[in-house]
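These notes concern the structure reproduced below.
Readers should treat all values here as calculations from the given coordinates under stated rules, not as data from a laboratory. All figures in this text were calculated on a predicted structure; none of them were measured in a lab. Don't worry about glycine lacking a Cβ; one is built from the backbone with ideal geometry, like all the others, and counts go over all protein chains shown.
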Amino acid sequence: MRVSIGEVQSTVMKATRGAYMSWGMAEEAGRVAAWLETRRLPGATAAASLVEENDSIPMARLSPVDPFEVIVKGEGRLCPVMVGAAISDANRDEAFEIAAVAHPLLLVSFVAQLGEGQQTDFSVTWHGVEILCGYNGLTVKGEEADLLKNYVSSVKIAPSDQKADAVIKRELRAEVEDTIWDILEHYAHRTYVPASEASRLAGAGAGLTDND
């Protein structure tokens, strides 16, 4: 199905909130998915897998211990949105590695932000994938199966002398598989407050009162 980039952002935000994230982190997740989809990368697909895998897992178990370390680690498998937000706050400007991270594609927009802020390009590499991103744009080398890996043992990030390709056109709509969209909507529905008798009476319409 085709959906707007705004729909991708809002639905991923609600889905990640419904699964395990705080609203602040969920907003980051929505932004990340939208950023990828505008560049024809499968951000919604990666996000849907992430929420299924991390459903109800405490955020502390998925966060990095110290984002300033040369090798950034967590207690176990890292959430890419949480580690991405942490390295952005740390404003990393040197080569480093992220160990044991889920869905590394969701890291890319955070690294691009670093590059934009520092007016340089960064390389992001994991097995089968090499991405240049940041100040100049985006260059992606890798098959979709490697881009959508649900887990990698190592992601290497470093400033690069190579220049990424400029992003000429950004998509306004995304093509998302129906099954993927169903997953996102399932978790998004958890954020909706069930209607109570009081809320129904306070809402639109006359309720039980006949004004005629």
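Could you work out how far helix 178-188 tilts from the main Cα principal axis of the chain, as a 0 to 90 degree angle to the nearest 10? On a 0 to 90 degree scale, this one is about 70.
Computed packing ranks the peptides 142-153, 38-49, 163-174, 16-27 as 38-49, 16-27, 142-153, 163-174, most packed first, by mean other Cβ atoms within 10 Å. For the chain, the longest principal axis of the Cα atoms and the long axis of helix 5-19 meet at an angle of about 80 degrees.
Listed from fewest to most Cβ neighbours within 10 Å, the set Ser109, Ser123 follows the order Ser123, Ser109. Each DSSP beta bridge with both residues in the chain is either parallel or antiparallel, and the antiparallel ones are about 90%. For the chain, the longest principal axis of the Cα atoms and the long axis of helix 108-118 meet at an angle of about 60 degrees. Quote the FRET efficiency, to the nearest 0.05, computed for Asp146 versus Val193 with a Förster distance R0 of 35 Å and r equal to the Cβ-Cβ distance. Calculated value: 0.30.
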